[in-house]
Amino acid sequence: MRPTICFRVRAPLGAALLAVIASADAAGDSIRLAMGTAVAATPAPGRVLDLAFVGEGRIAVLLTDSVAVYEQDSGTLRRIDQLPMEATLAVRAPAGMIVSDAGDSSFWVSANVAPGAVLFTIEGGRLKETQRSAALPFRGSPQGARFRPGTNLIDVTVPGLGNGPHLRATAGETPWAIAPDGRLGVEGAGWSAHSVGSAAALLWPGVWIVSSAQPAGAGDSLSIHGGAARGTIVATFPAPAAVTAVAALVSSDRATVATGIAEGGGHRIVVMEIAREQP
Amino acid sequence: MNSPRASATVAALVVIAIAIAAVVGAALGPVYGGRMTVGIVEMPARFDPAPAHGAGARFLSALVHERLVVLRNELPEPALAESWASAADGREWAIRLRPDSVFHDGAPITAADAARSLRRYLRSPSAAAAGWAARVDGGRAYRDRATDALPGLVVADALTLVVRVRDPSGSTLSLLAAADAAITSARGAGAGPFVPTTASPIRGTLAAVAFPAHVRGRPFLDAIAVQLAGSSGSGNGVDLAPAIGPGPLAATLLLILDPDHPSLARLEVRRAVDATIDREDLVRNFLPGGATILSPIPPLLLSAMPGAAPARPARSPRPASRSAAAQISMVLAVSSDVPALVSQRVVAYLGAAGLDATAIQVSPDNVWTLRAAARLVAWTPAIPEPLLAREELAWLAPSRGSEAVVLPLAALPIGHRSRMGLHGVAVDRGGHIRLEDAWIMP
């Protein structure tokens, strides 16, 4: 039985996107890829620090100075609300983190430009701040999650992966994290030998979509990392500029992937669909 | 797609895609953490804000100190100052400080600190300080120590400093970007991106750690060690060393002749020296990455001026006029950051012009004050702005109406040698190497 991953990207991600229908052997397993066009794209009002799918397929977007909620509407992304967030700390590398449960209309956010965390709730299509905390609630981490002051590093206990600091951390069914040097760690499997970028999302068990581990620069790429052999980059396609955040909403063999892209001083949110086929 | 041939084709496509991704670069980093060792050829004895002519002094100043403004593309931008506004037809500037800024010692940065620091600056032995004193109301008398009163500098409130100037001038704020205009606390603490761990360098070494509360954010590196290195900047374990080339043409090699010195008093002697020096030979053989020039102002600054022509057209050297000077002895003060091969070549040119020059190597700061008939310097203006650079050069090397006093020999590329995996090292328009955005790829 050969697992197959099929990409369908229905609008241009950027000029550099390669349309590829590919299959590659990874540790004895064949993974087939197909890329088309994106579902939707829209300019973002600032650098996207993190994304998360929240209730009713909406996308929560954490920006450097605000939080916004978008919804998909007939192939477009529409911003339905945006609330400013305080930015009291000067940082050289803005970073942020959203903690949510898929399907929940509430989500916690924390950014390294301000101490603490804020809980937002979507009520009647509007964003509302409902709670504040000194740290971001994080399952399995008694002290929660906090940005190490002035940095993009997160002090948080990820089950099986230590207290960090981590570049990214999630606490879903399968907790995983990215170390400051880009290694991808998964509870029960340990740390990968090679690096990925700081933007990453879990698609299916053992399969991630990740940004590049190359030094930050003018461009970027998205890669499929894993498959049956975790730790293997099985395919890469270029993005027009830096991918700053990735989130995925998975439903059976289909995944909707939202990305934040920084491009020449501008910012965009691009949504793609990815389907997995089991031949 | 399941046939072996199809698989091979697709695998090739994937490899191509990966290769393209590597070229366009991307998204791991900047990474916080790590330590770096920097080798410099001269180490100031203290960290106090002072005029800094050499790469080492300027590097340390940018590491430890912060000013009210910085220059970006020749325009002042906020640093410790949050904003400013002019009044009284440009004769008054109200400078507002950032409310939450602190010094390395944790003390808040106030307008009183800024006023005290700028009073020190006004008496600093630098061209920028002299220029600011000439503009500020009462600045000249204060600089000359004729009085301690300074009506042009007033603390309006805890965070507002008012500067009154004699005449409206756009350069009033730009002159606050000089290294010796750094703001320090009453106890001498700085506010730069890194905190020195000792009050002064010890045995030619300095350790500094990241300042979490720096006005532009905590630097990426955890710590920097600075050590005296060989003349090439090399040394054991050195990760980075400032160097001439490759890099932007941010400095100029100048031969400065003293028209008051008996050996160089005659214009024809100075012209003979000028004519003897083969600039193209110097650049071609001794200054890789350099360029011949017409102006003493570094091309990096001139490039912003419309109509500027920094490159000197090719020409053949004129024959030396040996009759102009009959082997007169003189001292040539050579800045230690001028490559030895270059200074030796210049001594040879002076000999061809009939001048028996004895070269003495001195530090980049002392080369301007040592008594000598001529000076050979690698000059980067204290303030990267063309008009202020000309003002500085006129102050450093006054011609007093004489011709052929400042001879531009070449434009110098200012760069650095660094190990692999080091990112974010910047050389600004003033030729300063800045490490506050440097980071190391794990």
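The values are calculated or read from the model by the stated rules, or taken from the named source; none is laboratory data. Nothing here was measured: the structure is a model prediction, and the numbers come from that model. When we count neighbours, we look across all protein chains shown, and the Cβ atoms used for this are built from the backbone with ideal geometry, even at glycine.
Some notes on this structure:
- Only one of the numbered conditions (1) within 21 Å of the chain's Cα centre (by Cα); (2) within 14 Å of chain B (Cβ to nearest Cβ) is violated by A:Val67, and that is (2).
- Qualifying residue in the range B:172-195 (condition: in a strand (DSSP E or B) and either farther than 30 Å from B:Leu287 by Cα or in the same structural domain as B:Asp337 (by TED's automatic domain parsing) (or both)): yes
- Against the criterion of being assigned to a strand (DSSP E or B) and in contact (Cβ under 8 Å) with a residue 60 or more places away in the chain, B:Ala378 qualifies.
- Residues (surrounded by 23 or more Cβ atoms within 10 Å (Cβ to Cβ) and not in a helix (DSSP H, G or I)) located in the range B:102-123: B:Phe103, B:His104, B:Ile109
- Subset tally (residues that are over 11 Å from B:Arg91 (Cβ atoms) and surrounded by fewer than 16 Cβ atoms within 10 Å (Cβ to Cβ)) for the range B:151-166: 4
- The strands (runs of 3 or more DSSP E) found entirely in the range B:197-302 that carry 2 or more residues being surrounded by 19 or more Cβ atoms within 10 Å (Cβ to Cβ) and touching a Ser or Thr at 6+ places or on another chain (Cβ under 6 Å) are B:240-257.
- One residue from A:Gly46, A:Gly36 being modelled with pLDDT of 50 or more and assigned to a loop (DSSP other than H, G, I, E, B): A:Gly46
- Per-region count, the range B:136-163, residues touching a strand residue (DSSP E or B) at 6+ places or on another chain (Cβ under 6 Å) and more than 30 Å from B:Asp100 (Cβ to Cβ): 1
- When residues of the range B:415-424 are limited to those that are surrounded by 18 or more Cβ atoms within 10 Å (Cβ to Cβ) and on the phi < 0 side of the Ramachandran plot, the one nearest to the other protein chains (Cβ to nearest Cβ): B:Leu422
- Qualifying residue in the range B:174-185 (condition: touching a Lys or Arg at 6+ places or on another chain (Cβ under 7 Å) and hydroxyl-bearing (Ser, Thr, Tyr)): no
- Looking across the range B:81-120, just one residue is out of contact with any strand residue (DSSP E or B) (no Cβ under 9 Å at 6 or more places or on another chain) and free of Cβ contacts under 8 Å to residues at least 40 places away in the same chain, and that is B:Gly106.
- Residue list for the range B:86-99, filter: closer than 12 Å to B:Ala158 by Cα and surrounded by 13 or more Cβ atoms within 10 Å (Cβ to Cβ): B:Ile95, B:Arg96, B:Leu97, B:Arg98
- Considering residues of the range A:74-94 that are part of a loop (DSSP other than H, G, I, E, B) and away from chain B (no Cβ under 14 Å) only, the residue nearest to B:Pro212 (Cα to Cα): A:Met85
- Just one residue in the set A:Ala22, A:Ala52 is surrounded by 23 or more Cβ atoms within 10 Å (Cβ to Cβ), within 19 Å of A:Val207 (Cα to Cα) and at pLDDT 85 or above; that residue is A:Ala52.
- Any hit, the range B:345-355, residues being on the phi > 0 side of the Ramachandran plot and touching a helix residue (DSSP H, G or I) at 6+ places or on another chain (Cβ under 6 Å): yes
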